[in-house]
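Okay, structure first, notes after.
The values are calculated or read from the model by the stated rules, or taken from the named source; none is laboratory data. None of the values given here were measured: they were computed from a predicted structure. When we count neighbours, we look across all protein chains shown, and the Cβ atoms used for this are built from the backbone with ideal geometry, even at glycine.
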2 protein chains.
Amino acid sequence: MAIQMKLNWTESMQFVARSENGPAIVIDSKDGGSGPTPMELLLAGIAGCTGIDIVLILQKKRLELNKLEINISGKQAGKYPKRFTDIHIEYFLAGKNIPFKAVEQAIKLSEEKYCSALASFNAKFSHSYRIENKEQIKPLP
Amino acid sequence: MAIQMKLNWTESMQFVARSENGPAIVIDSKDGGSGPTPMELLLAGIAGCTGIDIVLILQKKRLELNKLEINISGKQAGKYPKRFTDIHIEYFLAGKNIPFKAVEQAIKLSEEKYCSALASFNAKFSHSYRIENKEQIKPLP
């Protein structure tokens, strides 16, 4: 099972990336600014992967999740190639009576068992989470 | 030096990712299809990173690059968490009298020295490249 992406250079540091017939995204340098940078894409991939896991696991537990926000930050080594050495993931959840234990289990399952993106990195991972248990946010239809 | 991304869950398996005031991208599951999947984003990040390196290095060598296409594919382990085990990067370049040696050096410098994305993974990397030396493609303005 292989996943593929094709990138085409456009101009300056800008590339367009696409998977087969999937939607395309623009990648750029920080200075160019027309799309996320390559290193930002890596963080988005990790957070998206664990985010999808969290949604699926909480849905399986029949919990009503109304909001999931993930803030991910990656520290890079000081020297080239400046790989990500430490990645911190912060989960912020809101929903109806979501117990801490369920969230802890979901994060643990994702980070230790299911998340392919996270397991592909050589960085040290850490996380934190917050739950807003009051129903301040309108549920999705 | 830390890089940050913020993701917001919208519905189903769809997330919107954004870095500070940068442009946003949509992430989705393969079934959802509204944006690249998390694992596709990882590959796009790696290819974008090494792609930017190649462009910069060849420009420093005062070579006229007219086209750079990168095909990247990642094999995943059969068992969960199904991390990327083998990643192959295929470079296709076109330009005016671009020597093989310059391309080889650029790829080597990127993969071994500069590319932060590539150095952040625990997969095995391999690459291949092709050069179209005839000026079939219109140069960028």
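Could you check how many residues of the range B:4-22 are at positive phi and polar (S, T, N, Q)?
1
(1) in contact (Cβ under 8 Å) with a residue 40 or more places away in the chain; (2) more than 24 Å from B:Val16 (Cα to Cα); (3) surrounded by 24 or more Cβ atoms within 10 Å (Cβ to Cβ): which one isn't true of B:Ile52, the others all being true?
(1)
Working only within the range A:77-112, note down all residues that are closer than 30 Å to B:Asp53 by Cβ, of a type outside the set (A, V, I, L, M) and in contact with a strand residue (DSSP E or B) (Cβ under 6 Å, 6 or more places away or on another chain).
A:Lys82, A:Phe84, A:Thr85, A:Asp86, A:His88
Residues to consider are A:Ala44, A:Ala117, A:Ala106; find the one that is more than 20 Å from B:Ser73 (Cα to Cα), at pLDDT 95 or above, under 15 Å from the mean Cα position of the chain (by Cα) and in a helix (DSSP H, G or I).
Only one candidate qualifies: A:Ala106.
Considering the range B:29-54 alone, what residues qualify as being facing chain A (nearest Cβ under 7 Å) and out of contact with any helix residue (DSSP H, G or I) (no Cβ under 9 Å at 6 or more places or on another chain)?
B:Gly33, B:Ser34 - these are the residues of the range B:29-54 that are facing chain A (nearest Cβ under 7 Å) and out of contact with any helix residue (DSSP H, G or I) (no Cβ under 9 Å at 6 or more places or on another chain).
Of the numbered conditions (1) buried (at least 16 other Cβ atoms within 10 Å of the Cβ); (2) facing chain B (nearest Cβ under 8 Å), A:Glu11 fails exactly one; give the number of that condition.
All conditions are met except number (1).
Please tell me if A:Arg62 is touching a residue at least 40 places away in the same chain (Cβ under 8 Å) and either charged (D, E, K, R) or in contact with a strand residue (DSSP E or B) (Cβ under 7 Å, 6 or more places away or on another chain) (or both).
So A:Arg62 does not fit the description; no.
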